[in-house]
Amino acid sequence: MIFGFTEAQISGFFLTYGVGAFIAYMLFIIGQLAWESKAGRFGTFVIFLGLGVGFLGFLAKVVIQWWMER
């Protein structure tokens, strides 16, 4: 036990909120790349679409887990 939490509780917390925070930071980085490269609307859309598909997979996993545990 670390600070009164089990390893499973700590890993569950960071797998949910830590990865979520990392995704938000990655969205910021993607936006910054699109801005600095002057990608335009379509280029920015393609960048977010290509890199955002993985984020959708993570969100789908969270929703499916919530649905099955309900």
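Here, each number is a calculation from the coordinates, and none is a lab measurement. All figures in this text were calculated on a predicted structure; none of them were measured in a lab.
For region 26-70, what ratio Rg/Rh do Cα atoms give with a Kirkwood hydrodynamic radius? So for region 26-70, dividing Rg by the Kirkwood Rh gives 1.20. Fully extending the segment from Leu33 to Leu59 would add 7.1 nm, taking 0.36 nm per residue of separation and subtracting the current Cα-Cα distance.
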